[in-house]
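The values are calculated or read from the model by the stated rules, or taken from the named source; none is laboratory data. Given the structure is predicted, the values throughout are model-derived calculations rather than measurements. Neighbour counts are summed over all protein chains in view; Cβ atoms, including those assigned to glycine, are modelled from backbone coordinates with ideal geometry.
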Amino acid sequence: MDPSESSPSDRKEEEQPAASLPLPAAFLEFLGDNGLDPMLYSASDTIPRYIRLKPGVESRMVSEIESELKCELWKVPWLPNFYAIPPEVQIAGSKAYQQGKIYGIDAASGAAILALDVQPGDHVLDLCAAPACRTMLQKYSLGDRSRLFVANGTFFSILPSNSSLGSIEESTGIKDNGSIFSEWTSKRSWKERQKSKKAKAAGSPHPPSTSEPELIYYGKDSGLVGVRKCDVLCPSADVDACTSGYDKVLVDAECTHDGSIKHIQKFEFWGWETMDRRVLDAQRIDNLLHLQLRLLINGFRLLKTGGSLVYSTCSLTVAQNEDVIRQFLLKYPSAELQSVDGADSWPCRSGSIQKTLRFDPGTSQTSGLFVAKLIKLPS
Ligand SMILES: C[S@@+](CC[C@H](N)C(=O)[O-])C[C@H]1O[C@@H](n2cnc3c(N)ncnc32)[C@H](O)[C@@H]1O
């Protein structure tokens, strides 16, 4: 986002002081419509910042990182590798961050990943991976088995690499020109660079609106090296997805981000008037509700029977969370809500549907997050 779009001096008179953030009238109205208390934002200056130590960076590094950041690292007892630091501490300039030993991620987001309970050997689909591939690679320390696609999650239909790959040409129309995946390199071919240049020039949004996913990263054990491209980039039929889908699916859906205190704080800098356009526009919210349901439906379609799916958003509203889950459960009787193992010791509360979880600044000292875990029963 472009911070030059506005400055704090552009702020409108309609702003009213609400707690420690001067929330604008339109946002207060949005909170009121959704039954949310503006006081939630009063903790904005006291919620810690959270960092995660890259797995493998032993905890003996903690004191080294402490002296570099000039603050104490408080271990988050319920979340492996997570530490809390004072909110004013900046990490981006530190060596530890630049060397990929630490990265910033809210503890509530970490909880969504923990709820997914990924086990060694699982095939995992992250349906709404953020666009910045480089950040993702750092954040999740994607391993040798991973494949990362840029794709529209409502259309995405590629099954894990152990799925039986049928004959493609006649079912998909993708021409088998015999090309195979060689070892992945971060260097992009001239053809690919031209393609993304064109997309950028055309103002193409992320993710692409077509059903064609773009494979942007794959590890050496991802099952792709040496495999024919047309075999991999084969859209699946529903029937395949039921038997050979992913073991775990994360649908960390696009939302209004109203529960992300850090995100809302940024509007002080970007200018509150941009919030109307970026967050509060009624048509945008309406579209979001549809998008969330469609992402959930597609994620569930690609989940194998017996597998589990986590739906999460950082919105505090019922409309983007419990209501989406309710609508979904009515349509899909083979979906059942599951309790999240270990969540009894997490600093969160129950959502208004049993077995769902809610993090919020007051309860959890984190940003807001809704988590629902679903299992796919045999139909
Ligand atoms: C809450 S964020 C997920 C962040 C990600 N899990 C992470 O940890 O970085 C939601 C993401 O959904 C992406 N998104 C928006 N529309 C989408 C769509 N139709 N299909 C897939 N992703 C989409 C947005 O680009 C945004 O990065």
Is it true that ILE174 is modelled with pLDDT of 70 or more and of a type in the set (A, V, I, L, M)? no
Mind telling me which of the residues ALA26, ALA115 ends up being surrounded by fewer than 20 Cβ atoms within 10 Å (Cβ to Cβ) and either touching a residue at least 60 places away in the same chain (Cβ under 8 Å) or not basic (Lys, Arg) (or both)? ALA26
From (1) within 13 Å of the ligand (Cβ to nearest atom); (2) within 22 Å of LEU36 (Cα to Cα), pick out the condition that doesn't hold for VAL310. (2)
Going residue by residue through region 266-289, is there one that turns out to be touching a residue at least 12 places away in the same chain (Cβ under 8 Å) and either within 12 Å of the ligand (Cβ to nearest atom) or in a strand (DSSP E or B) (or both)? yes
Pick from region 294-307 the residues that are farther than 11 Å from LEU125 by Cα and crowded, with 22+ Cβ neighbours inside 10 Å: which of them is nearest to the ligand (Cβ to nearest atom)? LEU295
If a residue has to be away from the ligand (no atom under 16 Å from the Cβ) and touching a Pro at 6+ places or on another chain (Cβ under 7 Å) to count, how many in region 81-116 make the cut? 4
Within region 67-111, how many residues are assigned to a loop (DSSP other than H, G, I, E, B) and closer than 20 Å to LEU369 by Cβ? 9
SER315 passes all but one of the listed conditions (1) within 16 Å of the ligand (Cβ to nearest atom); (2) over 21 Å from VAL124 (Cα atoms); (3) not in a loop (DSSP other than H, G, I, E, B); the exception is number (3)
Please determine, by comparing only the residues of region 228-257 that are of a type in the set (A, V, I, L, M, F, W, C) and at pLDDT below 85, which one is surrounded by the most Cβ atoms within 10 Å (Cβ to Cβ). CYS234
